[in-house]
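So the structure is just underneath, and the comments pick up after that.
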Amino acid sequence: MAKGMREIKRKIKSVQNTKQITKAMEMVAAAKLRRAQEAAQNARPYADTLKEVVANIAAGSKGVKHPMLQSRAIKKTGYLIITSDRGLAGGYNANVLRNLIRTIAERHTSTDQYCLFVVGRKGRDYLRRRNLPIVEVVTGLPDNPTFADIKQIASLAVSQFADGTFDELYIHYNQFINAITQRAVEKRLLPLDDVSSNKQVTSYEYEPSAEEVLEVLLPKYTETLIYSAVLDGKASEFGARMTAMGNATKNATKLIQTLTLTYNRARQAAITQEITEIVAGANAQS
């Protein structure tokens with residue numbers, strides 16, 4: 001009995017230590033979430049304004065053509081996937097990767113028909129284990145990534161679409177809804193059909209020409225969309241980690257209560273047995 005009670009006490013101590021760790025991680029994730037959420041919100045006005053400018057140039061300049069605005073026959077597809085470098089974030093990575101694998105299975109019959117650009121160690125390791133065609137990887141992003149951190153992979157994805165390496169580009173990431181809810185989504189980045197179809201036209205004067213302005217703005221706009229998705233993904237990561245660690249803390253609390261109850265019952269049984277043995281011994285001597 002004493003051995004069993006010592007084992008229960010060790011389990012209680014172990015769970016209490018785990019609870020302290022998960023509680024601390026929950027608080028850290030909550031603090032990082034606020035900063036990440038602000039960064040994601042602050043990036044949206046710039047992207048929206050740039051989209052408005054590009055849309056007006058495309059709609060207001062008749063005869064302007066650019067490969068990033070025109071659909072073409074789909075021979076190969078590019079996918080940009082945003083995951084985290086670390087785990088302990090609930091279903092954050094699993095949801096995005098599951099959505100990606102399902103999409104690939106539905107659309108493609110060969111690895112020659114698509115290529116992958118990956119942000120995050122979790123996505124890289126998962127896709128490498130399955131021998132999928134990864135073109136570029138970015139890992140080790142800071143908690144507050146700057147545009148320079150993802151510039152290389154964003155530029156490579158945009159340039160490969162422009163030179164015809166693939167014919168459309170999709171992005172898979174977790175869209176931040178709130179601290180509790182993050183939704184794995186797929187969005188088509190290229191070609192920019194939604195930009196070219198914009199009806200609102202504002203008068204601009206172009207120097208040297210609308211075509212050359214679009215040549216500069218369209219890649220920057222697409223890279224900005226990728227950066228905005230990365231910021232959204234970071235906010236989603238911290239929200240998912242905060243929720244997961246909060247749930248782990250609650251589960252640890254319940255487990256401690258259960259183990260404590262079991263320990264008290266075992267201790268009470270041991271005391272009762274000792275009293276019974278004492279009484280039995282006294283009766284035997286009388």
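Laboratory data are not the source of any read-out in this text; all were calculated from the coordinates shown. Note that the structure is a prediction, hence the values are computed from the model and not measured. Positions of Cβ are generated from backbone atoms using ideal geometry, with glycine treated the same way; all protein chains shown enter the neighbour counts.
For the range 1-134, report the translational diffusion coefficient in µm²/s to the nearest whole number, using Stokes-Einstein at 4 °C, 1.567 mPa s, and a Kirkwood Rh over Cα pairs. Present the calculation step by step, with values, prior to reporting the outcome.
Values: Rh = 20.0 Å.
In µm²/s, the coefficient rounds to 65.
Under a plain spin-label model, where a point goes 7 Å from the Cα along Cα-to-Cβ, how far apart in nm are A282 and T260?
3.3
Within the range 208-226, which residues have the backbone N less than 18 Å from the label spot 7 Å out from Y46 along Cα→beta-carbon, could you tell me?
Answer for this model: 216-226.
For the chain, how big is Rg over Rh, using alpha carbon atoms and the Kirkwood form of Rh? Please list the in-between numbers first.
Details: Rg = 28.4 Å, Rh = 22.5 Å.
Taking Rh as the inverse mean 1/r over Cα pairs, Rg/Rh reads 1.26.
I'd like the Karplus ³J(HN,Hα) series for the range 90-95: coefficients 6.51, -1.76, 1.60, θ = phi - 60°, whole numbers in Hz, and an x wherever there's a Gly or Pro.
x, x, 3, 6, 4, 5
How long are the semi-axes of the equivalent ellipsoid of the range 234-286, defined as square roots of 5 times the Cα gyration tensor eigenvalues? Whole Å, largest first.
Calculated on Cα positions only, the semi-axes equal 51, 4, 4 Å.
Lys and Arg at +1, Asp and Glu at -1: add these up for the other residues within a Cβ distance under 14 Å of R102 and post the number. Kindly include the intermediate steps, with their values, before the conclusion.
Numbers: positive: R98, R107, R130; negative: E106, E186.
Counting the neighbours of R102, the net charge comes to +1.
Of K151/K220; K75/K220; K9/K254; K19/K250; K13/K254, which ones are farther than 18 Å apart at the Cα?
K75/K220
Which order do T181, T77, T83 fall in if you start with the one that has the fewest other Cβ atoms within 10 Å? It would help to have the intermediate numbers written out before the result.
Values: T181 13, T77 19, T83 27.
With the fewest neighbours first, T181, T77, T83 line up as T181, T77, T83.
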